[in-house]
Amino acid sequence: MYKSVFTKYMVAFAVIIFISFFLLAFIISSIINKYATNTVKDEVSNTAEVAVNVLEYNYKHSGRDKTFEEYLGYYQDAVQNLLSGVGKRSNERLLLISDMEGKILFGMNAEGEILLGVDKDGKLIGNSYDPLPIPAQVMQELSENGRYESEDNMLGYFVNRFIVCAIAVHDSDGEGIGAVFSCSSSAGEDALIRTMNRTVIMVSLWVMLAAMIAVYFISDRITSPLRSMTNVAKDFAHGKMDSRVNVNGKDEIAELGTAFNNMAESLQENEKMRNAFLANVSHDLRTPMTTIAGFVDGMISGAIPQDKQPEYLEIVSSEVHRLSRLVSQILDVSRLESGERKFTFVRFDICEMARLILISFEQKIEEKKLEVVFECDRDSMYANGDSDAIHQVLYNLCDNAIKFSRESGLLRLNIAVKAPGKIQVTVYNEGQGIPAEDLPYVFERFYKSDKSRGLDKTGVGLGLYIVKTILEAQHQSIEVESVQNQYCEFRFTLKEDKSE
């Protein structure tokens, strides 16, 4: 079943938050439970130890002619007062004294109230029932170890859970004569823990709710641009190239949306240029083919006299060469973009190459009566690169410079070392120039500044794109500077070769 990114985010965060708060509640409850239990155990233990110390001291100084049970009965008021102080100080709930057989001899609560005991005659006082004896297993462990601790119901002696600490009472000879049981019901601690658990759970639920609301808006903030991009991409698939993503904020998502819009702008521009290219190519193919077909049909039908045929054959040849140049440029672009064109780096003289290119344009230069200035730092300057590709670059730039120069204008070709290991070649002409709004696009495919085709009747907007692609493939750069109807200057770099 299809699940959106938003749903996956929500489910993942919900599970993580639930598990996190569950663990947090469990850990907090465990810590509170352990702390409360340890606190009560310490108090119970301290109470038992103090009570034993009091009883042992007073029994040893009361005389050796009385048993432990007789001592408790004879000095019942004094024992009550002593143990009452111990009980109040420790805030415990129950204090029991037994003999070593487990028989309960004395009992009182934390407020000092006697629950049961013995009088001077050894009779039980304080209640009307015979108390249950302490379990034999408890007394056995107490006899062997001198101490017994429990956190349950002391082997069924109590109905509810009690925390118990029992310590044996010894006479002056070290013989066990009885035991003190300090007991505390855990009902209060259990109620506290339950209250804390409910509080933690309620707080966790409210925090989870707030977190889920925050996650909802955050996830929606993340996925909304993605959904918008998906819709825009679908619009592109249906030919709606003007769709854009709404960008809000300045975070990474906004940067992604901006990048997507930039890509959309580029695709739309490429689509426009592709359509313009197809129109230009169609025109450039149709015109010469129509001319060729008309002249050839005229010669075949005899409409063109025999003596005029050489003249028209020259026109046909010119149009064939024009078609050849167009196809060659298209093939160059295809080979460059696919990486099929390989470059061979050699050492060559860029100054000599420039001279030969200017000589090849001598006729066109004379036709426009251009003033030519050739500047070179040295007679010979050697560069490293693919000489054929660089020749194509410089030839194309010079051809454009001459084509768009005004009558009797200046054509300047400058070659100089501008940085260590770098040669800069500059082609400058006075004439039509390039409009400022067209400068960012002159190196793009199929782009033609001369949209009216008033001066450029043969190009299809691939020359400068090929130039830039060749230079970038050789890790060099090219830039342009121009003022419309004044001048245009192209500058590109080459790697200097200082080897002999």
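The values are calculated or read from the model by the stated rules, or taken from the named source; none is laboratory data. It should be emphasised that the depicted structure is a prediction, and the values quoted were computed from it without experimental measurement. A quick note on method: Cβ atoms are made from the backbone with ideal geometry, for glycine too, and the neighbour counts reach across all protein chains shown.
Values as computed for the structure displayed
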quantity: Selected residue [modelled with pLDDT of 80 or more and aliphatic (A, V, I, L, M)] from Val281, Val320, Val232, Val327; calculated: Val320
quantity: Residue match in the stretch 320-329 (condition: surrounded by 14 or more Cβ atoms within 10 Å (Cβ to Cβ) and closer than 30 Å to Ala416 by Cα); calculated: yes
quantity: Tabulated pairs, the stretch 211-238, first closer than 17 Å to Tyr9 by Cβ, second surrounded by fewer than 14 Cβ atoms within 10 Å (Cβ to Cβ) and at pLDDT 75 or above, C-beta under 7 angstrom, 6+ apart or interchain; calculated: Ser228/Asn246
quantity: Near pairs, Cβ below 9 angstrom, 6+ apart or cross-chain, from the stretch 291-306 (closer than 16 Å to Glu319 by Cα) to any residue that is part of a helix (DSSP H, G or I) and of a type in the set (Asp, Glu); calculated: Thr291/Glu319; Ile292/Glu319; Phe295/Glu319
quantity: Residue in the stretch 378-396 that is within 49 Å of the chain's Cα centre (by Cα) and in a loop (DSSP other than H, G, I, E, B) present; calculated: yes
quantity: Those residues of the stretch 86-104 which are among the small types (Gly, Ala, Ser) and at pLDDT 65 or above, in sequence order; calculated: Ser98, Gly102
quantity: Number of positions in the stretch 157-188 that are small (Gly, Ala, Ser), outside any strand (DSSP E or B) and either free of Cβ contacts under 8 Å to residues at least 40 places away in the same chain or in contact with a strand residue (DSSP E or B) (Cβ under 9 Å, 6 or more places away or on another chain) (or both); calculated: 4
quantity: Selection status of Tyr216, buried (at least 18 other Cβ atoms within 10 Å of the Cβ), among the aromatic types (Phe, Trp, Tyr) and at negative phi; calculated: no
quantity: Tally of residues being out of contact with any Cys (no Cβ under 8 Å at 6 or more places or on another chain), assigned to a helix (DSSP H, G or I) and at pLDDT 90 or above across the stretch 401-438; calculated: 2
quantity: Lys342 vs. criteria at pLDDT 90 or above and of a type in the set (Lys, Arg); calculated: no
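For (1) in the same structural domain as Ala36 (by TED's automatic domain parsing); (2) surrounded by fewer than 16 Cβ atoms within 10 Å (Cβ to Cβ), each residue gets a yes or a no:
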site: Gln137; (1), (2): yes, yes
site: Ser143; (1), (2): yes, yes
site: Tyr148; (1), (2): yes, no
site: Leu155; (1), (2): yes, yes
site: Val180; (1), (2): yes, no
site: Ser185; (1), (2): yes, no
site: Asn197; (1), (2): no, no
site: Ala211; (1), (2): no, no
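Quick grid of which residues meet (1) over 20 Å from Leu94 (Cα atoms); (2) in contact with a helix residue (DSSP H, G or I) (Cβ under 8 Å, 6 or more places away or on another chain):
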{"position": "Glu144", "(1), (2)": "yes, no"}
{"position": "Ala166", "(1), (2)": "no, yes"}
{"position": "Ser172", "(1), (2)": "yes, yes"}
{"position": "Val180", "(1), (2)": "no, yes"}
